[in-house]
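The values are calculated or read from the model by the stated rules, or taken from the named source; none is laboratory data. What you see is a predicted model; the values in this text were computed from it and never measured. Methodologically, a virtual Cβ is constructed for each residue, glycine included, from the backbone with ideal geometry; neighbour enumeration extends over all protein chains shown. Please note that ligands, DNA and RNA were not included when accessible areas were found on the heavy atoms of the full protein model with its side chains. Shrake-Rupley method; radii C 1.70, N 1.55, O 1.52, S 1.80 Å.
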Amino acid sequence: MANVTLENLSKAYAGSQKNTEFHAVKNINLEIRDKEFMVLVGPSGCGKSTTLRMIAGLEEISGGTISIGENIVNDKLPKDRDIAMVFQNYALYPHMSVFDNMAFGLKIRKYDKRKIEERVKEAAIMLGLEDLLDRKPKALSGGQRQRVAVGRAIVRKPKVFLFDEPLSNLDAKMRVSTRTEIAKLHERLNATMIYVTHDQIEAMTMGDRICVMKDGLIQQVAEPLTLYNAPANLFVASFIGTPPMNLIHGKLESLENGTYFIENSEKEDSLTFKLDERLARIGKSNLGKSTVFGIRPEHIIEQSEGQSTADGTHELRVEISEPMGSETNIYLDTGAHQLAARFSSTSLYEANTRARIRFDFSKAHLFDSETEKRIHSE
């Protein structure tokens with residue numbers, strides 16, 4: 001297997017007007033380690049699939065270099081890059097059996113017939129397809145077709161596997177089981193895999209590391225829990241997590257007894273609260289400036305009726321309650337913002353009732369409104 005290195009990689013398309021260009025990927029740098037499962041994630045149009053297609057050789061690059069192992073592959077044809085790609089739409093030949101679909105790439109490379117049979121049967125056993133080798137694609141379910149597409153890649157034994165949103169055509173239940181199969185497959189093959197998805201749950205559950213992209217730029221590259229617990233900026237904070245991190249816009253003010261966050265709102269339920277020592281220290285450089293307070297739903301704590309509002313408890317109007325079985329998502333109105341809170345499954349609220357909450361400041365974040373970057377401790 002091999003590492004994949006992208007250096008100042010860019011892709012520009014000609015615009016509809018003369019002498020204009022659309023930059024889909026903007027001078028990105030990324031090191032994908034040998035045997036790593038790297039996930040590229042972001043919203044539609046962020047450049048993740050374009051990046052994958054440039055690695056595969058299916059898109060011509062506009063600038064920069066792509067290296068697989070020690071070799072720069074900018075000018076190499078896809079067939080010479082020693083990669084295998086699994087597409088979103090499976091791309092199976094409808095007139096061929098499962099066996100022939102999986103064997104096709106080896107046949108055109110003139111592999112020995114016995115070697116082809118060995119590799120196809122080995123991949124079929126690994127993917128649970130050994131009883132389906134004689135079937136045509138039309139006789140398979142969506143999940144089975146996807147496994148055939150993966151099997152066709154496995155038999156090649158390439159240096160790098162590329163996956164372009166392979167689960168997007170499957171139903172919710174099948175997506176869960178298939179992503180588990182792909183994760184197990186990575187462990188068995190011990191291979192370098194690059195996986196593109198717009199689904200942040202897929203990214204969090206599958207990737208060794210995740211590369212978050214937006215508007216053709218890399219926002220952050222980190223392990224899943226690092227992305228979740230220490231997002232680099234407002235975009236990563238809002239994109240990773242379901243429900244996403246609550247982001248409250250306001251400013252920091254230093255008063256006699258400490259540092260306070262004051263929400264940008266004049267509504268009755270607008271939030272003003274004193275920060276703990278850690279956040280006050282982190283936000284010292286942002287005093288008087290526009291600041292965003294970020295906190296995840298599970299770090300908003302439900303309070304009992306007997307606790308007074310003087311100790312940092314807020315009483316907010318419930319907009320909607322979503323029982324999820326193992327937990328309940330509560331959406332609260334502050335006047336200028338909607339807060340999502342994650343309470344226990346026994347916490348049920350009617351709309352327009354009041355819920356008492358406080359923030360776990362040890363898990364909260366501050367972001368600079370101008371730069372949108374998370375403010376780090378000194």
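Just for the stretch 273-303: of the residues that are among the basic types (Lys, Arg) and either open to solvent by 20 Å² or more (accessible area, probe 1.4 Å) or free of Cβ contacts under 8 Å to residues at least 12 places away in the same chain (or both), which one is nearest to His314 (Cα to Cα)? Checked the stretch 273-303; the qualifying residue nearest to His314 (Cα to Cα) is Lys274.
Of all residues in the stretch 317-348, exactly one satisfies the criterion of being β-branched (Val, Ile, Thr), free of Cβ contacts under 8 Å to residues at least 40 places away in the same chain and assigned to a loop (DSSP other than H, G, I, E, B), namely Thr346.
So which residues in the stretch 301-323 are at pLDDT 90 or above and of a type in the set (A, V, I, L, M)? Across the stretch 301-323, the qualifying residues are Ile301, Leu316, Val318, Ile320. Across the stretch 196-206, the number of residues qualifying as open to solvent by less than 10 Å² (accessible area, probe 1.4 Å) and either within 15 Å of Phe161 (Cβ to Cβ) or without any contact (Cβ under 8 Å) to a residue 40 or more places away in the chain (or both) comes to 2. Every test in (1) out of contact with any Lys or Arg (no Cβ under 7 Å at 6 or more places or on another chain); (2) within 30 Å of Ala84 (Cβ to Cβ); (3) open to solvent by less than 60 Å² (accessible area, probe 1.4 Å) is passed by Thr192 save one, and that test is (1).
Inspection of the stretch 165-185 finds a residue satisfying the criterion of being over 18 Å from the mean Cα position of the chain (by Cα) and open to solvent by less than 10 Å² (accessible area, probe 1.4 Å).
Within the stretch 34-51, if we keep just the residues that are within 15 Å of the chain's Cα centre (by Cα) and in a loop (DSSP other than H, G, I, E, B), the residue that is surrounded by the fewest Cβ atoms within 10 Å (Cβ to Cβ) turns out to be Ser44. If the condition is being closer than 17 Å to Ala341 by Cβ and crowded, with 19+ Cβ neighbours inside 10 Å, then the stretch 240-272 contributes Gly241, Met245, Asn246, Ile248, Glu263, Leu271. Considering (1) touching a strand residue (DSSP E or B) at 6+ places or on another chain (Cβ under 9 Å); (2) assigned to a loop (DSSP other than H, G, I, E, B); (3) at positive phi; (4) not hydrophobic (A, V, I, L, M, F, W, C), the lone condition that Gln88 does not fulfil carries the number (3).
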